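K.L.:
Please find one structure pasted underneath; my questions will follow.
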Amino acid sequence: MDNSGLAFEAAEIFTQKDGVRAVTRTIGAVKITDVRITSAAAARIGKHAGRYITLEGDPSASGMTALFRRALMQVIPPRGRLFAAGLGNPDITQDSLGAAAVRSMAARRGRRYSLSAIETDVAARTGLDTARLVKAAAHELNADCVIAVDALACHDPRYIGRTVQISDAGIIPGGGAGEAHGELSRSRLGMPIAAVGVPTVTALSSVTGKSEDKAFLVTTGDIDAVVKMWAEVIGGGIGSLTE
């Protein structure tokens, strides 16, 4: 499986190579990894250049929402109009993170930020390219930053539901399931983007060790509860920015 959405699963992240920096620390029960990839190193690693902050731990861990909020603020402007886009298919549990997170938010205006949000669904049902839809809506709202929330895939099944990644490097809707559409990036949108993702699936080959199983995706038996908890963390963290 070569479509992991987690930057720290790239083989060379933790080696001493030019163009890559990774710093790890632990706060309480949450492990935080801050990875920065330069343009020169991006092609070698197979990830877009940018910053990737990963929080590892149980979504119900004490302080997880506050830590998520703090990480998110590292990759968004210090103030302005935020537009949250919940990506994915709301009717498929392992792909419903974006919609669930958006549903837990409330559009409002605060001292530093105002927030509006949308569920994009998937192009197969709407007939609309997700990246185009988000770009059009963001510009119509005069947004200063897009926060795109989506489910990811990972290599190591131990990361399913145990990790959230926040990045300014953009995201490709459907990329984790091998159905990539147009990317959501700063260059395409014309504004900063914060991509938020939680791995909810892995390739069956990661479990069986058989290469012929790489086309099949699997998840955990409690993925419905996991998605609900992470949606509350993400929605709560984004929504608290307007307080």
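The values are calculated or read from the model by the stated rules, or taken from the named source; none is laboratory data. Treat the numbers as computed from the prediction; the structure is a model and nothing was measured. FYI the Cβ positions are ideal-geometry reconstructions off the backbone, even for glycines, and counts take in every protein chain you see. Areas reflect the complete protein model, heavy atoms only, side chains present, ligands, DNA and RNA absent. Shrake-Rupley method; radii C 1.70, N 1.55, O 1.52, S 1.80 Å.
K.L.:
With respect to the numbered conditions (1) farther than 15 Å from residue 166 by Cβ; (2) of a type in the set (Val, Ile, Thr); (3) open to solvent by 20 Å² or more (accessible area, probe 1.4 Å), which one is the sole condition not fulfilled by residue 65?
P.N.:
(1)
K.L.:
Moving to a separate point now. I need the full set of residues from region 7-18 which are farther than 12 Å from residue 46 by Cβ and at pLDDT 85 or above, in order please.
P.N.:
8
K.L.:
Would you mind listing the strands (runs of 3 or more DSSP E) fully within region 19-92 where at least 2 residues are more than 20 Å from residue 191 (Cβ to Cβ)?
P.N.:
Numbers: elements: 20-27, 30-37, 50-56, 80-87.
The qualifying strands (runs of 3 or more DSSP E) are 20-27, 30-37, 50-56.
K.L.:
Something else: In region 205-219, how many residues are assigned to a helix (DSSP H, G or I) and without any contact (Cβ under 8 Å) to a residue 24 or more places away in the chain? Full working, then the answer.
P.N.:
Residues of region 205-219 that are assigned to a helix (DSSP H, G or I), as a first pass: 205-208, 211-213.
Those left that are additionally without any contact (Cβ under 8 Å) to a residue 24 or more places away in the chain: 208, 211-213.
The number of residues fulfilling the criteria is 4.
K.L.:
In region 122-136, what residues are over 19 Å from the mean Cα position of the chain (by Cα) and assigned to a helix (DSSP H, G or I)?
P.N.:
Within region 122-136, the first condition is being over 19 Å from the mean Cα position of the chain (by Cα), and the residues that meet it are 124-128, 136.
Within region 122-136, 124, 125, 126, 136 qualify.
K.L.:
What are the pairs, 6+ residues apart or on separate chains, where a residue within region 25-40 that is open to solvent by less than 20 Å² (accessible area, probe 1.4 Å) has its Cβ under 8 Å from a residue that is part of a strand (DSSP E or B) and among the small types (Gly, Ala, Ser)?
P.N.:
The qualifying pairs are 33/22; 35/22; 37/50.
K.L.:
Here's another thing I want to ask about it. Is it the case, given these coordinates, that residue 88 is in contact with a Pro (Cβ under 9 Å, 6 or more places away or on another chain), open to solvent by less than 50 Å² (accessible area, probe 1.4 Å) and either under 20 Å from residue 154 (Cβ atoms) or acidic (Asp, Glu) (or both)? Full working, then the answer.
P.N.:
On the way: in contact with a Pro (Cβ under 9 Å, 6 or more places away or on another chain): yes; open to solvent by less than 50 Å² (accessible area, probe 1.4 Å): yes; either under 20 Å from residue 154 (Cβ atoms) or acidic (Asp, Glu) (or both): yes.
In short, yes.
The rows are residues; the columns are (1) part of a strand (DSSP E or B); (2) closer than 14 Å to residue 5 by Cβ.
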site: 138; (1), (2): no, no
site: 146; (1), (2): yes, no
site: 158; (1), (2): no, no
site: 169; (1), (2): no, yes
site: 173; (1), (2): no, yes
site: 197; (1), (2): yes, yes
site: 221; (1), (2): no, no
site: 232; (1), (2): no, no
site: 239; (1), (2): no, no
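K.L.:
Sticking with this one: Quick check on my filter: what residues within region 97-135 are hydrophobic (A, V, I, L, M, F, W, C), in contact with a Ser or Thr (Cβ under 6 Å, 6 or more places away or on another chain) and open to solvent by 20 Å² or more (accessible area, probe 1.4 Å)? Let's see the steps before the verdict.
P.N.:
Of the residues in region 97-135, the ones hydrophobic (A, V, I, L, M, F, W, C) are 97, 99-102, 105-107, 115, 117-118, 122-124, 128, 131, 133-134.
Subsequent filtering for residues that are in contact with a Ser or Thr (Cβ under 6 Å, 6 or more places away or on another chain) retains 107, 115, 123, 133.
107, 123, 133, listed by residue number.
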